[in-house]
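All remarks here apply to the structure that follows.
The values are calculated or read from the model by the stated rules, or taken from the named source; none is laboratory data. Small disclaimer: the values here were computed from a predicted structure and weren't measured. Here the Cβ is made from the backbone with ideal geometry for all residues, glycine too, and neighbour counts use every protein chain on show.
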Amino acid sequence: MIGLHVDDRPLLEWISTILGTGIVINNKENTVSYFIITDTERLKTILFPIFDNFPLNTTKHLDYLSFKEALELAYHVNLSSLDNKNRTEIIDKIVDLKNKMNNKRTNFYINNNHIRITPYWLLGLIEGEASFQLYRKELVPAFSLSLNEIQRPVIEAIIQFLTGKLDKYSLFKATHSKLFNLSIDSPKSTSNTKSKLKLSITQLDYLINIFIPFLDTMVFKSKKGLDFEDFKFISTLIYQGKHLRSEIKDLILKISYSRNNFRLSTNKEKLSLKIVETPFLRQTELSKEELKINLKIFNSRNSYLSNLEKEVLLSEPSLIITNDEGAKINMTTGATGRHGPKLIRDVYVVEVENIDKTSTIYLSIIDCAKALGVSRATISKIIKTGNSLKGTTIVKIRKIPIFRKNKHTFTK
């Protein structure tokens, strides 16, 4: 059985059509849709070969093995032909398997070599368990993926998969910083006693230049695809610095209140309440009439803006440019001021090359200066002039921009 929000019923119907089996039903409240297979022969001939050829990566694989064993015991043995003792033994074994599955499971050991991450497997996990968010106060886009803490090996395998496609400089930054940030989320209710391990990514250059293009190579099947498209649009606007314009910032905030749970057909009243109660209204100074119009848009459209409207905004000149060294510069602050345009962010590593062609990579100019026992100004000057460091075997020090486009590929 697969249960999804009722808005994703078309996805479950698509699965049923592709497999040629199963039924799709809604619960009494019409909030959840279920795809169900109960036919033993269909389980054996259609479903089992899929999970045998494409094993589940999480500990759900263990539940599948128990489920398969129980079904084989129940239907591949003629229970009526057995004496009472043997029949009872088999039934007890089936019940024992059932009582050690799913939420009752205590043995979660699975060989790490069993885990195999592929792009479309990861997309499927993202559709079910991930979120495309916006930290509204800081206007920071964030991707997050949460699983039960016992699934840590799977999270670590995902990180290894993502870092495995980085160039050596981006990989150094990723492995020596919090590009892939892991945190523990404690249970939010007494009914759920399991902690969650959360993977978060907020580094904008990585999201825009690597992660989003990776997801763009595939096709979302659930409503999560709508959240991804809005996330991509919002992230691009922020990457281009257009959020520095007050009207674009307000637009980004409005879009953020039309995504994720706000998008659900079952959440219209909560949407209205949420908007009224947040500081969002004070920031944008919406009138009651404007609010009513916005709510109609929220409740009647899959996306706050049309594709054409998005294209027009994205085609306007960027307010942030990237200089030759990879630094992001805010062009709205003016180029002729006392300090010139304001630096927004500088995503780089420092490589020190020796006369024997060996090299060392550092996270920053400060780290490099400390390691070499010189001032930060000295390192900056050498990088700018291209000179060698006197009295050493160092012939070159350079800044290398990282997380750039067109340098990363993922095999499907």
Among residues of the stretch 236-272 being in contact with a strand residue (DSSP E or B) (Cβ under 8 Å, 6 or more places away or on another chain), outside any helix (DSSP H, G or I) and modelled with pLDDT under 90, the residue surrounded by the most Cβ atoms within 10 Å (Cβ to Cβ) is R259
Could you check the stretch 144-166 and list, in sequence order, the residues that are free of Cβ contacts under 8 Å to residues at least 12 places away in the same chain and exposed (fewer than 15 other Cβ atoms within 10 Å of the Cβ)?
G164
Please determine whether any residue of the stretch 136-158 is among the aromatic types (F, W, Y) and touching a Pro at 6+ places or on another chain (Cβ under 9 Å).
no
Please go through the stretch 366-406 and pick out each residue that is free of Cβ contacts under 8 Å to residues at least 40 places away in the same chain, surrounded by 16 or more Cβ atoms within 10 Å (Cβ to Cβ) and in contact with a Phe, Trp or Tyr (Cβ under 7 Å, 6 or more places away or on another chain).
C368
Can you tell me how many residues in the stretch 291-338 are at pLDDT below 55, under 25 Å from the mean Cα position of the chain (by Cα) and surrounded by 12 or more Cβ atoms within 10 Å (Cβ to Cβ)?
2
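Here's the yes/no breakdown for (1) outside the structural domain of L47 (by TED's automatic domain parsing); (2) among the acidic types (D, E):
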| position | (1), (2) |
| --- | --- |
| E69 | no, yes |
| A74 | no, no |
| L82 | no, no |
| D96 | no, yes |
| M101 | no, no |
| Q133 | yes, no |
| F143 | yes, no |
| E149 | yes, yes |
Scan of the stretch 14-47 for residues that are more than 26 Å from S265 (Cβ to Cβ) and not hydrophobic (A, V, I, L, M, F, W, C), ordered by number
G20, T21, T38, D39, T40, E41, R42, K44, T45
Could you please let me know if N181 is polar (S, T, N, Q), in the same structural domain as V140 (by TED's automatic domain parsing) and either crowded, with 19+ Cβ neighbours inside 10 Å or touching a Cys at 6+ places or on another chain (Cβ under 9 Å) (or both)?
no
Sort out which residues of the stretch 88-111 are touching a Lys or Arg at 6+ places or on another chain (Cβ under 9 Å) and more than 20 Å from N57 (Cα to Cα), and write them in order of number.
K98
Are any residues in the stretch 339-365 buried (at least 18 other Cβ atoms within 10 Å of the Cβ) and closer than 21 Å to K168 by Cα, and if so, which ones?
V347, Y348, V349, V350, E351, V352, Y362, I365
